[in-house]
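Data block below; observations after.
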Amino acid sequence: MRVRSQIRNRRRPAVPAPHNDNIAARREKASGRSSLLIRKRFQFAGALLLGALIPWVARGPLLPGSMFEPASLNTLVGNLIAVLLAFWTRLSIETYPGIRRSAVILPAALTGHGVAVAWFVLTRFPYDRVGLAAGFLLHVSWLYVLYIFAERKIRRRIAIVPFGSVETLLAIDGVDWRMLKRPNLHDARACHALVADFSAKLPDEWEAFLADAALAGRIVYQVKQLSESLTGKVELEHLSENSFGSLLPARGYFYLKSLLDGIFALAVLPIVVPLMLAIGLVIRLDSAGPALFRQRRIGHAGQPITIYKFRTMRTVGVTGDRQQLITNAADDRITRVGRVLRTLRIDELPQIINILKWEMSWIGPRPEAGLLSDWYTKEIPFYRYRHVVKPGISGWAQVNQGHVDTVEDVHRKLQYDFYYIKYFSPWLDVLIVFRTIKTMLTGWGAK
């Protein structure tokens, strides 16, 4: 009996250890339970229902009035358009790197519903204030609930085709990277996308694999574009004309942006001028010296301009040292009032003068001092390309990098500046506006 038992035990097949694919499959199944909540169509449909239809239907059973009154119908249309604009804004902005979806929800909703309110105020069409307010609150609440219970837990998984310059991706945080070992779509089924170096010489079977992935509807990224998208930077050491595609940014948007800059500057001038006078008086009372600080910097097309700032430091002589042009956050030259102005980011407010003179924009790379610009031109032959767009009061580097204390930090800032130029668009400008407001409220990134 003991011999037969041993024979049966030897014939019994061994239970295989769990394979990584099985683990990935279980993770995919678990994430599939919340997949409905993260689908854009489901989110949009829920926003329309809660943000537009429910406030309209509630007019009658819960609130006095009729659903078919002109004010109720106008409010329904206004909320529908607001939800559509907010959804479009989110989709356009979330494609850029460093974006937490929770940080986009409220600004996008405010944009959409703000446009609706402005339309009613300007046209004097009848509308229901309670319905508009309820639509906004329900819309925002719906999006935050989705984020808390579904989107917050999402971590992107991207499969890497193991050829060419792909190792640098592994150092980028925020993504679960999976290096593929064979050209099989089954191995990448639990990943959200694939990435490959298209400039590398791929074996025939891997090229066929990428073709099959595209035909199957899988997203396939080029390694360079994906790296830029995740980091928000363009590497300076490898710049070439081909890395930018067309070297001339969209000229239509360039001129439209300049026009909008001027219109907005004129619109806020009645508010800004009294504020600037008050700040100037406080600066004069706090320390000796003029209220405004003037400095020669390099503007659009490499032309020198004189920029204006509130003086935040004690008056000292300027030497030819590049390091003196880079202010440390703990610099003892900063005055008490100056430190507050830097934290709130309003020391740049006088540059509205430069905007009205058509020299600067609200959004763009910060104008560099002439000394630094000359040095960078010698060190980086492609540096002059930075001046192809107008400099700005706030920019992509300012909202991403924060303090710039060393020459190495300034070098890194240029990588953000080149990213802004390469992906020059109104949506990137809107994103910078949102993040600039966050910086002003929290103090992060002030310098």
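Which condition breaks for A214 when tested against (1) touching a Gly at 6+ places or on another chain (Cβ under 9 Å); (2) in a helix (DSSP H, G or I); (3) of a type in the set (G, A, S)? Failed condition: (1). The criterion of at least 1 residues that are open to solvent by less than 70 Å² (accessible area, probe 1.4 Å), over 21 Å from A265 (Cβ atoms) and at pLDDT 85 or above is met by the following helices (runs of 4 or more DSSP H) wholly inside region 311-398: 336-344. When region 89-103 is filtered for residues that are closer than 15 Å to G232 by Cβ and either among the aliphatic types (A, V, I, L, M) or at pLDDT 80 or above (or both), the ones remaining, listed by number, are I93, I99, A103.
Among the conditions (1) touching a residue at least 24 places away in the same chain (Cβ under 8 Å); (2) closer than 23 Å to T306 by Cα, R435 misses just one, which is (2). Return the total of residues in region 402-447 being touching a His at 6+ places or on another chain (Cβ under 9 Å) and at pLDDT below 75. Adding up the residues that qualify gives 3.
Screening region 173-199 for residues that are within 21 Å of V234 (Cα to Cα) and at pLDDT below 90 and picking the one that is least open to solvent (accessible area, probe 1.4 Å) gives V175.
Contact map, region 206-222: first residue more than 18 Å from R157 (Cβ to Cβ) and without any contact (Cβ under 8 Å) to a residue 24 or more places away in the chain, second residue surrounded by 13 or more Cβ atoms within 10 Å (Cβ to Cβ) and not β-branched (V, I, T), Cβ cut-off under 9 Å, separation 6 or more or different chains; pairs are E207/P183. Residue pairs whose Cβ atoms lie under 7 Å apart, sitting 6 or more positions apart in sequence or on different chains, and linking a residue in region 368-388 that is within 13 Å of L414 (Cβ to Cβ) to a partner that is among the charged types (D, E, K, R) and open to solvent by less than 20 Å² (accessible area, probe 1.4 Å), are R386/D417. Residues that are modelled with pLDDT of 90 or more, among the polar types (S, T, N, Q) and crowded, with 21+ Cβ neighbours inside 10 Å do not occur anywhere in region 119-142.
Just give me the residues in region 143-168 being among the acidic types (D, E) and open to solvent by 50 Å² or more (accessible area, probe 1.4 Å), in sequence order.
Within region 143-168, just E167 meets the criteria.
Within region 133-184, being in contact with a helix residue (DSSP H, G or I) (Cβ under 6 Å, 6 or more places away or on another chain), assigned to a helix (DSSP H, G or I) and among the aliphatic types (A, V, I, L, M) holds for A134, L138, V140, L143, L146.
The values are calculated or read from the model by the stated rules, or taken from the named source; none is laboratory data. What you are looking at is a predicted structure, and each value in this text was computed from that prediction instead of being measured. Neighbour counts run over all protein chains shown; Cβ positions are idealised from the backbone, glycine included. Each accessible area value is taken on the protein alone, full model and side chains, heavy atoms only, with ligands, DNA and RNA left out. Shrake-Rupley method; radii C 1.70, N 1.55, O 1.52, S 1.80 Å.
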